[in-house]
1. State yes or no: is residue 326 modelled with pLDDT of 95 or more, small (Gly, Ala, Ser) and crowded, with 17+ Cβ neighbours inside 10 Å?
2. Within the range 268-280, count every residue that is part of a loop (DSSP other than H, G, I, E, B) and closer than 14 Å to residue 316 by Cα.
3. In the range 338-354, is there at least one residue being in the same structural domain as residue 268 (by TED's automatic domain parsing), over 21 Å from residue 433 (Cα atoms), of a type in the set (Asp, Glu) and out of contact with any helix residue (DSSP H, G or I) (no Cβ under 8 Å at 6 or more places or on another chain)?
4. Condition first: surrounded by 12 or more Cβ atoms within 10 Å (Cβ to Cβ), of a type in the set (Gly, Ala, Ser) and closer than 16 Å to residue 419 by Cβ. Now tell me which residues in the range 455-511 satisfy that.
5. Based on this model, can you work out whether residue 14 counts as under 26 Å from residue 196 (Cα atoms), surrounded by fewer than 19 Cβ atoms within 10 Å (Cβ to Cβ) and out of contact with any strand residue (DSSP E or B) (no Cβ under 7 Å at 6 or more places or on another chain)?
6. Do we have residue 20 as of a type in the set (Asp, Glu) and modelled with pLDDT under 85 here?
7. Of all the strands (runs of 3 or more DSSP E) wholly in the range 151-259, which have at least 3 residues that are more than 30 Å from the chain's Cα centre (by Cα) and closer than 27 Å to residue 313 by Cα?
8. Report the residue count in the range 339-358 for those that are part of a loop (DSSP other than H, G, I, E, B) and of a type in the set (D, E, K, R).
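The values are calculated or read from the model by the stated rules, or taken from the named source; none is laboratory data. As the structure is a prediction and not an experimental result, all values here were calculated from the model. Quick reminder, even Gly has a Cβ in these numbers, built from the backbone with ideal geometry, and neighbours come from all protein chains shown.
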Amino acid sequence: MSEPIENIELELLKPEDVSEVQAIMKEVYANVLDPSWTSQQLLKLIEVFPDGQIVVRVNGEIAGCALAIVVEYNKYGDQHSYQKITGAYTFDTHNDDGETLYGIDVFVKKDYRGLKIGRRLYEYRKQLAESLNLKQIIFGGRIPNYHAYANELTPKQYIEKVKSKEIDDPVLVFHLSNDFVPFKILQGYLEGDKDSKEYAVLLKWFNIYYEAPIIDGSFTKKDIRLGLVQWQMRSYPDLPSLMQQIKFFVDALSDYKADFALFPEFFNAPLMAQYNHLGEAEAIRKLAEYTADIVNEFQKLSVSYNINIITGSMPELVDGKLYNVGYLCHRDGRVDRFEKLHVTPDEKRCWGIVGGNEVNVFDTDCGKVGVLICYDVEFPELPRILADEGMNILFVPFLTDTQNGYSRVRYCAQARAIENECYVAIAGSVGNLPNVANMGIQYAQSMVFTPCDFAFPTDGIKSEATPNTEMILIADVDIDLINELNSYGSVTNLKDRRKDLYSLRKKLIKP
């Protein structure tokens, strides 16, 4: 284009634009049979779905156009033709109650290529899908340079070479650069498309903000408030005294409208003081006798204070074996159990604790969460398994006696937030217990970690407590930011894994 650009405008296609659009189509699709939509067809699109038909004007002249309908995609499936998805070009397949924006056409006049007109049209489509709460955008993308390679390459081989930049196909490259993912090769898609040999690539873009229709009346929060308890180890004469302090923190976090309360690992260790005359292994087994009652009290608190509680961890005897376990008490009354899978050398030697056998993601009213106890967060395989199952927040109750031990937990937890594109909250204990063997001193600084990208703090730290001070830490996290990062981050760790070289799977083991 030789003339200077005075203005570029995006607007809805109007009936008076039809003849101009037809002329552009004849120019763009010169090698396709019947390249232009009829006036009646274009007017039908404007009638059934006006918001889906748009043009971009440069200096008042139409430079590009995009046409779309909304369909119930399950009726047609991935193996369809252009004729079928458009209802034999009648567009009777359009359904306002559908969940998929189907791209009928996108084209840009040759004189205006290089001005990113196509990107403007696609960005509008994405915004439209989000505003209408549509699940996805789908269309069959032409591969107009394939005819030059059809004798030597299959469509699949051709697409792979385009993706690796060995072959240039400006149409397919444009679609890939706009976040569309190739799903399938369609044969006989567009009749008369000689350049593509009538092949097309089925391309999809998923709306990360899509909210599926709610049938049971449930609701999943996206803006979530985390409450972390940095617990002071002190003497308690009995269980009611311990629970009184727990209730104080739950009450305080509930007043601040927290969605979760996280307690540390072995927060109930002060109750072992009365058994200090016993051996260490015997004393912790006496402590395990309190676990069922504590969980029962936590469950009552979670319901009465309307807050999800991660109970930290406690010893628990199961069939003669001692485990380090915790519970997630949902505010609707449900209770889930989690286990420490990797026990430290000290836990084995002094207490005879054995590792658990299950790692699970838990569904909450704030989405999917995972819980790993202390040492477990130092094993990157576990959070990766949880991330693959949809976890957005990882909770880590911990207990460390020295700053060295704390640093191991702290830096591994932060790494997990980055590599798994999730939030990680860690909560520990401070102070000392001079009358409890093997529990003399504690060091902690509770924190909430984030990925490191533009939507998050530059150092990946959302909030941090004062070291070695009893307090609560409150932090708000936004799940939509995580969803957006998964697809559009500066780097996309989860998407970019080389699964062709390595894989990770979870085994089912019976205890």
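1. Spelling it out, residue 326 is indeed modelled with pLDDT of 95 or more, small (Gly, Ala, Ser) and crowded, with 17+ Cβ neighbours inside 10 Å.
2. 1
3. yes
4. 460, 489, listed by residue number.
5. So residue 14 does not fit the description; no.
6. No: the conditions fail for residue 20.
7. So the answer is 223-233.
8. 2
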